[in-house]
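Engineer: Quick one: the structure is below, questions incoming.
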Amino acid sequence: MQGEGQSIGIPAAGEHENVSYNPTGGPGIHHWQEATITKAGLGERGNVFFAAIEMTRMPIVLTDPNLPDNPIVFANRAFQDLTGYQEDEVLGRNCRFLQGAHTDREAVAELRDAVSEHRAVSVELLNYKRDGTPFWNACFLAPVFDTDGKLLYFFASQLDVTRRRTSEQAFRQAQKMESIGQLTAGLAHDFNNLLQVVSGNLELALSRTDDESLRRPLENASRAAERGSKLTKQLLAFARKTRLEAKPTNLNNLIVEFGEMLENSVGPQVEVQLNLRPRVPAALVDPVHLEMAVLNVLINARDAMPKGGCVTIGTSKMHLNGNAAAHHLPPGDYVAHDQG
Ligand SMILES: Cc1cc2nc3c(=O)[nH]c(=O)nc-3n(C[C@H](O)[C@H](O)[C@H](O)COP(=O)(O)O)c2cc1C
């Protein structure tokens with residue numbers, strides 16, 4: 001009870017919070033889910049409570065369910081700020097003018113049911129500003145009665161929760177990418193192992209025959225397996241891209257350990273030379289990602305030299321200071337890895 005009985009409210013006690021997220025923080029306990037007032041009418045605007053309603057940054061409207069189509073009879077300044085409509089453009093209209101093409105009809109039905117049952121509800125739904133910009137509206141509405149229990153008004157507050165919804169969406173998308181990445185990595189890895197067996201056996205068969213009529217199809221199959229292997233590596237690189245795991249890595253060791261794989265990938269036509277500076281410090285990189293990057297550059301180099309040639313992979317230590325910005329990096333010590 002407030003103002004010596006001028007208005008009475010039923011505390012929400014968490015009851016109307018029927019949606020999964022509550023924009024005001026924990027479940028609403030103390031705020032009212034319905035009110036009973038002793039003075040109807042909107043004329044009294046000289047007290048501090050009216051000033052508070054006009055000053056708050058929370059958009060607020062009142063509608064009159066006793067008029068046809070339950071129109072807005074009051075909208076505060078923050079409601080105008082939120083929606084971009086002027087007061088005279090909203091007074092006399094049902095709030096559904098905020099809805100549009102992508103507004104969830106189920107959310108609208110929740111509002112409709114609550115209005116017809118004279119009860120509070122909080123719903124998040126997509127609304128549109130005057131200029132057409134969509135925004136997520138966390139709308140809470142509740143009934144206001146007179147002392148005889150007659151419905152006088154509906155009160156509603158609207159909160160723009162677009163930023164939260166967008167970051168939640170981005171997070172969900174990132175999680176989805178992560179699972180796709182894991183799945184792809186697993187498949188690509190297993191598939192690559194199978195291709196290795198195929199390639200190995202084809203190589204063996206090739207080494208055991210001089211019969212041209214057999215060699216041609218075997219060579220074709222071998223090339224196809226090699227291409228399949230390249231594709232799986234690209235898949236693996238894609239999968240890894242979705243979650244970079246940087247850790248201190250010795251680039252020289254990485255290149256040496258990966259060397260055989262690199263040589264096999266470019267084939268006998270291309271010579272791979274290493275020019276690794278001793279004692280390069282550990283670099284903070286995702287090793288798998290770097291391996292795939294090296295492999296990719298090498299395969300491109302091979303494709304650019306159909307008659308064969310030489311590729312050099314080198315490492316060196318670099319200090320970036322004045323020239324750091326040109327490399328889009330903050331100043332500091334780096335380990336450079338070159339392929340030429
Ligand atoms: C006080 C009050 C405020 C409302 N505010 C909004 C609002 O901000 N956005 C919205 O989409 N609907 C709002 N509504 C809901 C619509 O006015 C309407 O009740 C809803 O669209 C369901 O009715 P309909 O199916 O006749 O359109 C509000 C309703 C009331 C009573």
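Every number here is computed from the coordinates shown, using simple stated rules; none is lab data. No experiment lies behind these values; they were computed from the predicted model shown. Here the Cβ is made from the backbone with ideal geometry for all residues, glycine too, and neighbour counts use every protein chain on show.
Engineer: Of His189, Gly149, Ala293, whose Cα points farthest to the positive end of the dipole of the chain (charges on the beta-carbon: +1 Lys, Arg; -1 Asp, Glu; origin at the Cα centre)?
Structural biologist: Towards the positive end, the residue furthest out is Ala293.
Engineer: Using the 10 angstrom Cβ neighbour count as an exposure proxy, how do Ile255, Ile60 rank, fewest first?
Structural biologist: Sorted ascending by nearby Cβ count, the order is Ile60, Ile255.
Engineer: May I pose another question? Rounded to the nearest 500 deg cm²/dmol, what is the calculated helix-only ellipticity per residue at 222 nm for the chain, with -39500 (n - 2.57) per DSSP H run of length n ≥ 4? Please report the intermediate quantities before stating the final value.
Structural biologist: Working: 8 runs with 141 residues, N = 340.
Helix-only estimate at 222 nm: -14000 deg cm²/dmol.
Engineer: When the gyration tensor of the stretch 155-309 is built from Cα positions, what are the square roots of 5 times its three eigenvalues, in whole Å, from largest to smallest? Working shown, then result.
Structural biologist: Values: eigenvalues 341, 104, 31 Å².
Equivalent ellipsoid semi-axes, largest first: 41, 23, 12 Å.
Engineer: Once the Cα gyration tensor of the stretch 172-243 is found, what semi-axes does its equivalent ellipsoid get, as square roots of 5 times the eigenvalues, in whole Å, sorted largest first? Please report the intermediate quantities before stating the final value.
Structural biologist: Values: eigenvalues 244, 17, 8 Å².
Here the semi-axes work out to 35, 9, 6 Å.
Engineer: Right, here's the next one. Return the long-range amide H neighbours of Tyr85 (sequence gap of 5 or more, or a different chain), with a cut-off of under 5 Å between placed amide H atoms.
Structural biologist: It is Arg130, by chain and number.
Engineer: Express the Stokes-Einstein translational diffusion coefficient of the stretch 228-281 in µm² s⁻¹, to the nearest whole number, given a Kirkwood radius over alpha-carbon pairs, 37 °C and a viscosity of 0.692 mPa s.
Structural biologist: Numbers: Rh = 13.3 Å.
The calculation lands on 246 µm²/s.
Engineer: Can you tell me the dipole magnitude for the stretch 7-160 around its Cα centre, using point charges on the Cβ only (Lys, Arg +1; Asp, Glu -1), in Debye to the nearest 20?
Structural biologist: Working: 12 positive and 21 negative charges, 42 e Å.
Roughly 200 debye, rounded to the nearest 20.
Engineer: Then there's this: When N counts the residues of the stretch 26-150, how does its alpha-carbon radius of gyration compare numerically with 2.2 N^0.38 Å, as a ratio? If you can, show how the numbers build up before the last one.
Structural biologist: Working: Rg = 14.8 Å, N = 125, 2.2 N^0.38 = 13.8 Å.
Normalised Cα radius of gyration, the stretch 26-150: 1.07.
Engineer: Exposure proxy check: Phe154, Phe171, Phe50, Phe258 ranked by fewest other beta carbons within 10 Å? Mind showing how you got there, number by number?
Structural biologist: Working: Phe154 22, Phe171 10, Phe50 14, Phe258 17.
By the 10 Å Cβ count, ascending, the order reads Phe171, Phe50, Phe258, Phe154.
Engineer: Rank the residues Arg302, Arg93, Arg208 as a footprinting-exposure proxy: fewest other Cβ atoms within 10 Å of their Cβ go first. Show your work: numbers first, answer last.
Structural biologist: Details: Arg302 18, Arg93 15, Arg208 10.
Fewest to most other Cβ atoms nearby, the residues stand as Arg208, Arg93, Arg302.
Engineer: Ok, one more. Using modelled backbone amide H atoms (1.01 Å from N, in-plane), which distant-in-sequence or interchain residues come within less than 5 Å of Tyr153's amide H?
Structural biologist: Long-range HN contacts for Tyr153: Val144.
Engineer: Considering the chain as a Gaussian network with a 10 Å cut-off on Cα pairs, which listed residue, Thr63, Thr209, Thr162, attains the greatest mean-square fluctuation?
Structural biologist: Thr209
Engineer: Identify all lysines with a Cα-Cα distance to Lys230 below 24 Å; exclude those on the same chain that are fewer than 8 residues away in sequence.
Structural biologist: Lys241, Lys307
Engineer: Moving on to the next point. Magnitude of the Cβ-charge dipole of the chain, K/R +1 and D/E -1, about the Cα centre, nearest 20 debye?
Structural biologist: That gives a dipole near 960 debye.
Engineer: Follow-up. Please give every one of the aspartates and glutamates within straight-line cross-link reach of Lys39, meaning a C-alpha to C-alpha distance under 14 Å, and leave out same-chain neighbours fewer than 8 residues apart.
Structural biologist: List returned: Glu4, Asp146, Asp148.
Engineer: Separate question: List the equivalent ellipsoid semi-axes of the chain in whole Å, largest first, each obtained as the square root of 5λ for an eigenvalue λ of the Cα gyration tensor.
Structural biologist: On the way: eigenvalues 985, 121, 58 Å².
Listed largest to smallest, the semi-axes of the chain are 70, 25, 17 Å.
Engineer: Could I ask something else about it? Check which residues have an amide H placed less than 5 Å from Val270's amide H, if you skip close sequence neighbours.
Structural biologist: Gly309
Engineer: Given 5 Å bins starting at zero, what is the percent of C-alpha pairs of the stretch 90-216 in each, up to the one with the largest pair distance?
Structural biologist: For the stretch 90-216, the pair-distance distribution reads 2, 8, 11, 12, 10, 7, 6, 5, 5, 4, 4, 4, 4, 4, 4, 3, 2, 1, 1, 1, 0.
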